[in-house]
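This report refers to the structure that appears directly beneath it.
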Amino acid sequence: MTPEELLAARDRLVPDVAAGGLRVLFCGINPGLMSAVTGHHFARPGNRFWPVLHLSGFTPRQLKPAEQDELLSYGLGITNVVARASARADEISDEEFREGGRLLTAKVELLRPKWLAVVGITAYRTAFGERKAVVGPQERTIGETRVWALPNPSGLNAHWTAQTMAEEYARLRAAAEGVPDQRLRAGPSR
């Protein structure tokens, strides 16, 4: 992929992988340029979403970005807070995040997943005006959909390893499967 191809992908949209009644609708911040070029979510090689999804038990094997449609067979989907692609998340304004939060709310009301999992605590805080939110289950609901803020799987997020991310994603998986977890009442693990 050439630098020109990547730059030409700026502002492109990557279609959602979604359907009604999912167990978990994962919500990225916004598509990166690699995702915009390929049409696949979390396509950048250093992104840890696909390995973490497998390590946490959501998928029986590690899927490749090009296999993203298989998520639907596991009751999972992917969308984004902000639809347009950019080279970096810091190119998205707070107003764009807030508008993305409003559009995401409408999407969740329509699709009615059991859980909405926003992968990026800063994006969650900005989109929903929850400045003090921490990683983990949130008090907020959208209709009957519960909300969970997860760490951003970008390779740039050095605060979380693939293993510690997988542990947090596994907490969500257990909740989505109805497995009691005493820590859900106590708040986030970090």
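The values are calculated or read from the model by the stated rules, or taken from the named source; none is laboratory data. As the structure is a computational prediction, the values presented were derived from the model and not from experiment. FYI the Cβ positions are ideal-geometry reconstructions off the backbone, even for glycines, and counts take in every protein chain you see. When the accessible area is computed, the model is the full protein with side chains, heavy atoms only, and any ligands, DNA or RNA have been set aside. Shrake-Rupley method; radii C 1.70, N 1.55, O 1.52, S 1.80 Å.
Would you be able to say whether some residue in the range 102-116 is modelled with pLDDT under 95 and either over 25 Å from Arg44 (Cα atoms) or not aromatic (Phe, Trp, Tyr) (or both)? Outline the logic, then answer.
Of the residues in the range 102-116, the ones modelled with pLDDT under 95 are none.
Among the residues of the range 102-116, not one is modelled with pLDDT under 95 and either over 25 Å from Arg44 (Cα atoms) or not aromatic (Phe, Trp, Tyr) (or both), which makes the answer no.
Do you know which residues across the range 54-66 are over 16 Å from Asn30 (Cβ atoms), free of Cβ contacts under 8 Å to residues at least 40 places away in the same chain and open to solvent by 30 Å² or more (accessible area, probe 1.4 Å)?
Going through the range 54-66, the residues over 16 Å from Asn30 (Cβ atoms) turn out to be 54-64, 66.
With free of Cβ contacts under 8 Å to residues at least 40 places away in the same chain added as a condition, the list becomes 54, 59-64, 66.
Residues satisfying the conditions are His54, Pro60, Arg61, Gln62, Lys64, Ala66.
Would a scan of the range 136-151 turn up a residue that is open to solvent by 10 Å² or more (accessible area, probe 1.4 Å), farther than 20 Å from His54 by Cα and assigned to a loop (DSSP other than H, G, I, E, B)?
Scanning the range 136-151, I find at least one residue that is open to solvent by 10 Å² or more (accessible area, probe 1.4 Å), farther than 20 Å from His54 by Cα and assigned to a loop (DSSP other than H, G, I, E, B), so the answer is yes.
Exactly one condition in (1) in contact (Cβ under 8 Å) with a residue 40 or more places away in the chain; (2) outside any helix (DSSP H, G or I); (3) under 16 Å from the mean Cα position of the chain (by Cα) is false for Ala87; which is it?
Of (1) in contact (Cβ under 8 Å) with a residue 40 or more places away in the chain; (2) outside any helix (DSSP H, G or I); (3) under 16 Å from the mean Cα position of the chain (by Cα), only one is false for Ala87: (3).
Say we look at the range 1-53 and pick out the residues that are among the basic types (Lys, Arg) and in contact with a Leu (Cβ under 7 Å, 6 or more places away or on another chain); which of these is surrounded by the most Cβ atoms within 10 Å (Cβ to Cβ)? Outline the logic, then answer.
Quick first cut of the range 1-53, residues among the basic types (Lys, Arg) only: 10, 12, 23, 44, 48.
Checking which are in contact with a Leu (Cβ under 7 Å, 6 or more places away or on another chain) leaves us with 10, 23.
Numbers: Arg10: 13, Arg23: 17.
Result: Arg23.
Output the number of the condition that Lys132 fails; it satisfies all remaining conditions of (1) at pLDDT below 95; (2) loosely packed, with under 11 Cβ neighbours inside 10 Å; (3) part of a loop (DSSP other than H, G, I, E, B); (4) not aliphatic (A, V, I, L, M).
(1)
Which of the residues spanning the range 105-129 are more than 22 Å from Leu22 (Cβ to Cβ), in a helix (DSSP H, G or I) and over 13 Å from the mean Cα position of the chain (by Cα)? Lay out the reasoning, then the answer.
Taking the range 105-129 and keeping what is more than 22 Å from Leu22 (Cβ to Cβ), we get 122, 125-126, 129.
Next, only the ones that are in a helix (DSSP H, G or I) stay: 122, 125-126.
Within the range 105-129, Arg125, Thr126 qualify.
Within the range 135-163, how many residues turn out to be touching a Pro at 6+ places or on another chain (Cβ under 8 Å) and at pLDDT below 95?
Summing the residues that are touching a Pro at 6+ places or on another chain (Cβ under 8 Å) and at pLDDT below 95 in the range 135-163 gives 4.
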